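Presented below is the structure to which this report refers.
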Amino acid sequence: MGMDAQNRYVSWLQDPLIDQNTKEELQILVNDKEEIEDRFFRWISFGTGGLRGTIGAGTNRMNVYTVRLATQALANNLISQDKASGGVAIAHDSRHMSREFTEAAASVLVGNGIPVYVFSDLAPTPLLSYAVRHYGASAGIVITASHNPSEYNGYKVYNEQGNQILNDESLSISSQMSKLGLNNVQVAVNPKEDPLWTWLGEEVIASYYGQLMKIAPKVEGIQDLRVLYTPLHGTGARFVPEMLRKAGFSFVDTVEEQMVPDGDFPTIKYPNPEEPEAFELSFAKAENSSYDLIMATDPDADRMGVAVKHNGEWILLNGNQVGILLTDFILSNTKQEELSRSVVIKTIVSTDMVEPIAQKYGVEVRNTLTGFKYIGALIDELPKENKAFIFGFEESYGYLAGTAVRDKDAVLASLLVAQVAAFYKQKDLTLVDRLEELLEEYGYYLQDLVSYTFATSLEAERSREFIKELERTPISKVSEEEVVEVLNYGQGKAFNLKTKKERALELPKERVLQWVTAGKSKITLRPSGTEPKMKLYLEVVANSAEEAQNKLVSLRTALDTMIKQGLNK
């Protein structure tokens, strides 16, 4: 075991600032070298989104001490930028310790003379983004680990636009944090009694609902749509049904067992609407009823998944398909004079099918790096060009319309999807029927995602070597398809293999490689910055579903073989 870990362990046991319960939790580990090493080998790092980790005692865990330390770093940053007076809005989800971490963060801010706006009850992440903007706060914090398993929690920081902070701001907080010890943290003694502490609740919620109602197009037939909803034990439980009812949907049922906020997520393995298992209880409840739609949101209600009743069967839609349906619906419900300056934003790994749809309406599409914060940041750049954001999405189940919020919003997305479904139900069509019509019109776009997980650091190192190799010698052919362009986002340039010309990519640099073929297939390889993983995203387009399927299978097989060979060198 490293001396550093042992020393930190001993110093926590002796530190008068550490409470008795934490010390007792640590004393049990006195002979467990591996556990001490894992808990103390470093301070939990403040990464691109903030903190995320397992809850427990130790420097490399999520606990009140690490949360206070991160908050002191944030406070120092705000003070050095003269932004302290604007204050910080704070929200939390249903996870274990979320409430305690919220109060720990708030008490440090108050201890530093910074006003706090604290949600008195559970609140979705998009509502926090809204609150930052609504109160003109200088920053926001959400205590959540999104859809991670129940032993995790996290701490996400938002800027004054209500957008998740970008990398330079993360680095600045992270370097502040590395200079601090627990003795540098200023904690207010009775923070809730302090005039700097304001509780948030109904006023901001009513305002948020009002703004979402303005964003969502008005449609007929909403009384006929039958919806079943589950918040997967998270923050959506109150907000999604309320929002739908406010908009006039009268048939909104919920999955009772999952309406209870519970950090154990007792009815599901992972509270992630991207996983088909998240719908199991809903499907069971829908067995003998006539629902049209099932919607599920993750614990902090920023991602949303949809199942559609089609020909007597439940069909799960993926994030790209929902993105397509919403793009088409919103653009077709927008006035011509607005369309001419509207921009749809998506991430580089999300479907290109929006391009021809947007083109039909005379709307521009922009691509950003993966991560909704990049979509959010771009929203505020557009007015400088006399353009306006209309809709944004990413393939990982995140959607946003309008400019009231700067993060993916499952409350708004649930409302929009219900409206599209109601609109087409009037025409005797399901969302699956509508999707089929769009594919017919614009081409059969089909996607796939393959994840490679590395068990050892050696494997992870090999994957980095493999990507360097691909950068040095570009592939010119995959399966039967000729590669036309190689996009290297890490170097910020794209190279056309036909014309031998290079062009600059106008995006922040991130290690992602992309290949576009003559047949318009798109292949993206993206190593994770935080975990020993690599993702392969595929998209093909063809004239029929069958042709698209065949194209996708042969592409995936060829790439999988190439990647496995590359990793085993």
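The values are calculated or read from the model by the stated rules, or taken from the named source; none is laboratory data. All figures in this text were calculated on a predicted structure; none of them were measured in a lab. Cβ atoms come from the backbone with ideal geometry, glycine included; neighbour counts cover every protein chain shown.
The rows are residues; the columns are (1) small (G, A, S); (2) in the same structural domain as T48 (by TED's automatic domain parsing); (3) on the phi > 0 side of the Ramachandran plot.
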{"site": "S129", "(1), (2), (3)": "yes, yes, no"}
{"site": "G136", "(1), (2), (3)": "yes, yes, yes"}
{"site": "T144", "(1), (2), (3)": "no, yes, no"}
{"site": "K156", "(1), (2), (3)": "no, yes, no"}
{"site": "G162", "(1), (2), (3)": "yes, yes, yes"}
{"site": "M177", "(1), (2), (3)": "no, yes, no"}
{"site": "L180", "(1), (2), (3)": "no, yes, no"}
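Among the candidates S544, S528, which residue alone is under 30 Å from G50 (Cβ atoms) and of a type in the set (G, A, S)?
Details: S544 fails: under 30 Å from G50 (Cβ atoms).
None of the other options fit; the residue is S528.
Kindly indicate whether A123 is within 20 Å of A237 (Cα to Cα), part of a loop (DSSP other than H, G, I, E, B), assigned by TED's automatic domain parsing to the domain that holds G140 and of a type in the set (G, A, S). Explain how you work it out, then say what you get.
On the way: within 20 Å of A237 (Cα to Cα): yes; part of a loop (DSSP other than H, G, I, E, B): yes; assigned by TED's automatic domain parsing to the domain that holds G140: yes; of a type in the set (G, A, S): yes.
Against the criterion (within 20 Å of A237 (Cα to Cα), part of a loop (DSSP other than H, G, I, E, B), assigned by TED's automatic domain parsing to the domain that holds G140 and of a type in the set (G, A, S)), A123 qualifies.
Counting just the residues of segment 146-175 that are closer than 19 Å to E531 by Cβ and at pLDDT below 95, which one comes out surrounded by the fewest Cβ atoms within 10 Å (Cβ to Cβ)? Write out each step before concluding.
Narrowing segment 146-175 to residues closer than 19 Å to E531 by Cβ: 146-156, 164, 167, 170, 174.
Now restrict to residues that are at pLDDT below 95: 146-149, 167.
Numbers: S146: 21, H147: 24, N148: 19, P149: 12, N167: 16.
The residue in question is P149.
Could you check segment 516-568 and list, in sequence order, the residues that are at pLDDT 95 or above, among the basic types (K, R) and surrounded by fewer than 20 Cβ atoms within 10 Å (Cβ to Cβ)?
K520, R556 - these are the residues of segment 516-568 that are at pLDDT 95 or above, among the basic types (K, R) and surrounded by fewer than 20 Cβ atoms within 10 Å (Cβ to Cβ).
I need the full set of residues from segment 66-94 which are within 26 Å of the chain's Cα centre (by Cα) and hydroxyl-bearing (S, T, Y), in order please.
Passing the criteria: T66, T71, S94.
Which helices (runs of 4 or more DSSP H) does segment 367-453 wholly contain that include 1 or more residues that are among the acidic types (D, E) and at pLDDT 95 or above? If you could, list the steps in order and put the result at the bottom.
On the way: elements: 372-379, 410-425, 431-442.
It comes to 431-442.
Look through segment 1-16, keep the residues that are part of a loop (DSSP other than H, G, I, E, B) and either of a type outside the set (D, E, K, R) or under 34 Å from the mean Cα position of the chain (by Cα) (or both), and return whichever of them is surrounded by the fewest Cβ atoms within 10 Å (Cβ to Cβ). It would help to see each step written out before you state the result.
Going residue by residue through segment 1-16, those that are part of a loop (DSSP other than H, G, I, E, B) are 1-2, 15-16.
Applying the additional criterion that residues be either of a type outside the set (D, E, K, R) or under 34 Å from the mean Cα position of the chain (by Cα) (or both) yields 1-2, 16.
Working: M1: 15, G2: 12, P16: 6.
Among residues in segment 1-16 that are part of a loop (DSSP other than H, G, I, E, B) and either of a type outside the set (D, E, K, R) or under 34 Å from the mean Cα position of the chain (by Cα) (or both), the one surrounded by the fewest Cβ atoms within 10 Å (Cβ to Cβ) is P16.
State which residue is nearest to L74 (Cα to Cα) when the search covers only segment 33-42 and only residues that are in contact with a helix residue (DSSP H, G or I) (Cβ under 7 Å, 6 or more places away or on another chain) and buried (at least 18 other Cβ atoms within 10 Å of the Cβ). Spell out the reasoning first.
Step one: filter segment 33-42 for residues in contact with a helix residue (DSSP H, G or I) (Cβ under 7 Å, 6 or more places away or on another chain), giving 36-37, 40-41.
From the residues that got through so far, the ones that are buried (at least 18 other Cβ atoms within 10 Å of the Cβ) too are 36, 40.
Details: I36: 28, F40: 22 Å.
Ranking the qualifying residues of segment 33-42, first place goes to F40.
Say whether the condition of being hydrophobic (A, V, I, L, M, F, W, C), crowded, with 18+ Cβ neighbours inside 10 Å, touching a Leu at 6+ places or on another chain (Cβ under 7 Å) and assigned to a loop (DSSP other than H, G, I, E, B) is met by at least one residue in segment 186-195.
no
Could you tell me which residue of segment 170-180 is farthest from K83 (Cα to Cα), considering only residues that are of a type outside the set (S, T, Y) and touching a residue at least 40 places away in the same chain (Cβ under 8 Å)? Show your work before the answer.
In the first step, residues of segment 170-180 are kept if they are of a type outside the set (S, T, Y); the result is 171, 173, 176-177, 179-180.
Still in the list and also touching a residue at least 40 places away in the same chain (Cβ under 8 Å): 173, 176-177, 180.
Values: I173: 14, Q176: 16, M177: 18, L180: 20 Å.
The qualifying residue farthest from K83 (Cα to Cα) is L180.
Would you mind stating whether Y130 is in a helix (DSSP H, G or I) and aromatic (F, W, Y)?
Values: in a helix (DSSP H, G or I): yes; aromatic (F, W, Y): yes.
Taking the combined requirement at face value, the residue satisfies it.
Taking segment 140-171 as the search range and keeping residues that are in contact with a helix residue (DSSP H, G or I) (Cβ under 6 Å, 6 or more places away or on another chain) and among the small types (G, A, S), which one is nearest to L51 (Cα to Cα)?
G140
In segment 80-88, is there at least one residue being of a type outside the set (K, R) and part of a strand (DSSP E or B)? Can you show your working first?
Of segment 80-88, the ones of a type outside the set (K, R) are 80-82, 84-88.
This time we only want the ones that are part of a strand (DSSP E or B), so: 88.
Yes - at least one qualifying residue is present in segment 80-88.
For D428, which of the numbered conditions (1) of a type outside the set (S, T, Y); (2) within 25 Å of the chain's Cα centre (by Cα); (3) at positive phi fails to hold?
Status for D428: all satisfied but (2).
Would you check which residues across segment 310-348 are more than 24 Å from D298 (Cβ to Cβ), within 24 Å of the chain's Cα centre (by Cα) and not acidic (D, E) and list them?
L331, S342, V343
Do the conditions hold for F283, that is, is it touching a residue at least 12 places away in the same chain (Cβ under 8 Å) and over 22 Å from L446 (Cβ atoms)?
On the way: touching a residue at least 12 places away in the same chain (Cβ under 8 Å): yes; over 22 Å from L446 (Cβ atoms): yes.
So F283 passes the test.
Let me confirm something: among S94, S107, which residue is outside any loop (DSSP other than H, G, I, E, B) and modelled with pLDDT of 95 or more?
On the way: S94 fails: outside any loop (DSSP other than H, G, I, E, B).
S107 is the lone residue from the list that is outside any loop (DSSP other than H, G, I, E, B) and modelled with pLDDT of 95 or more.
Looking at (1) more than 19 Å from V308 (Cα to Cα); (2) in contact (Cβ under 8 Å) with a residue 40 or more places away in the chain; (3) not in a helix (DSSP H, G or I), which one does Y229 not meet, given that it meets all the others?
(1)
What's the number of the only condition in (1) within 23 Å of the chain's Cα centre (by Cα); (2) assigned by TED's automatic domain parsing to the domain that holds T125; (3) among the small types (G, A, S) that A216 fails to meet?
Exception for A216: condition (2).
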